[in-house]
Amino acid sequence: MTSMKRRGQDFAAAWTKTFGTTRDLPKANRGLTIALAVIALLGTGAAAAAWQVNDRGTQERLGNNGTVTGQLNDLKTELNRKLQIAQRGGSTPEMVAAPTGDEALNETQPSTTSVGLDRLCTASTSTPLGQQQRQLCRDLANTELAQYRFSMRMFERASENYDRLKQLDDHRRSLSSDDYANIQYNTNEVLALTALMDNDRDRYNTYMAAYSARIAHIRNSQAALTRNALKGGGGLSLSF
């Protein structure tokens, strides 16, 4: 009898500890009371176990030390590993040296002996044929001179582009492997310079093709005038 009474008191204490209030239930038989007590205690243990499992999973997601800061540090380490760029060694190759001495080219004159147009293109006769040939000769000389001078300007432009490229390349070699922002900025600068150099090359090729076409046209006109004059039956006009 005493043992049963003690079990009832233990159940009441367990009920109060679990639910925070005293039980106020209808009287039941001894077996039902014991069953309810066991279910309540087992339920409390299962809930605690479930909480521990969920908490352990949360810690694994948050990082080694179970905090958001730990997770961010893990992400930073992984990001650094993926973005790390090996530093470059060596130096920028030198540009091909410009000719010197007798092989050097003047910026404006293709020859050391300057010959004026009046002496280069003289009119052998005062006839219309002579005047036309003289004008074509002047056009030809001016076109060849313009082609030469444009080539020299583009040569200087290529030298300037190389100096800029070397400056960017040297700066890139000085950056550390973790300096991502400056490396990306340097890459953008190199890409912009490369696009400019491509544009300069296209511009040069276009002008050279136009100069060559003009020179060919002038020479064909000179030949046509001479041919017409030698035949004697052709006109001397070159209207198209």
So in region 169-179, with the set limited to residues that are assigned to a helix (DSSP H, G or I) and of a type in the set (D, E, K, R), which one is nearest to Leu193 (Cα to Cα)? Asp169
All positions within region 91-137 that are under 30 Å from Glu160 (Cα atoms) and either among the acidic types (Asp, Glu) or assigned to a helix (DSSP H, G or I) (or both): Glu94, Gly101, Asp102, Glu103, Glu107
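This table checks each residue for (1) at pLDDT 90 or above; (2) within 24 Å of Asn142 (Cβ to Cβ); (3) touching a Lys or Arg at 6+ places or on another chain (Cβ under 9 Å).
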position	(1), (2), (3)
Asp198	yes, no, no
Met208	yes, yes, no
Ala216	yes, yes, no
Arg219	yes, yes, no
Ala223	yes, yes, no
Thr226	no, yes, no
Leu230	no, no, no
Gly235	no, no, no
Ser239	no, yes, no
Filter result for Tyr180 (at negative phi and either within 29 Å of the chain's Cα centre (by Cα) or among the β-branched types (Val, Ile, Thr) (or both)): yes
Does Ser151 satisfy being out of contact with any strand residue (DSSP E or B) (no Cβ under 7 Å at 6 or more places or on another chain), farther than 21 Å from Arg203 by Cβ and among the hydroxyl-bearing types (Ser, Thr, Tyr)? no
So in region 193-212, with the set limited to residues that are among the hydrophobic types (A, V, I, L, M, F, W, C) and exposed (fewer than 11 other Cβ atoms within 10 Å of the Cβ), which one is farthest from the chain's Cα centre (by Cα)? Ala209
Considering region 172-192 alone, what residues qualify as being free of Cβ contacts under 8 Å to residues at least 40 places away in the same chain and among the polar types (S, T, N, Q)? Ser174, Asn182, Gln184, Asn186, Thr187, Asn188
Let me confirm something: among Leu136, Leu117, which residue is under 19 Å from Asn220 (Cβ atoms) and touching a residue at least 24 places away in the same chain (Cβ under 8 Å)? Leu136
For region 149-168, state whether one or more residues are at pLDDT 85 or above, surrounded by 15 or more Cβ atoms within 10 Å (Cβ to Cβ), among the hydroxyl-bearing types (Ser, Thr, Tyr) and outside any loop (DSSP other than H, G, I, E, B). yes
When the residues of region 109-148 are narrowed to those that are of a type in the set (Lys, Arg) and surrounded by 12 or more Cβ atoms within 10 Å (Cβ to Cβ), which ends up farthest from the chain's Cα centre (by Cα)? Arg134
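The values are calculated or read from the model by the stated rules, or taken from the named source; none is laboratory data. Predicted model only: the values in this text are computed from it and were never measured. Ideal geometry is used to build each Cβ from the backbone, glycine not excepted, and the neighbour counts take in all protein chains shown.
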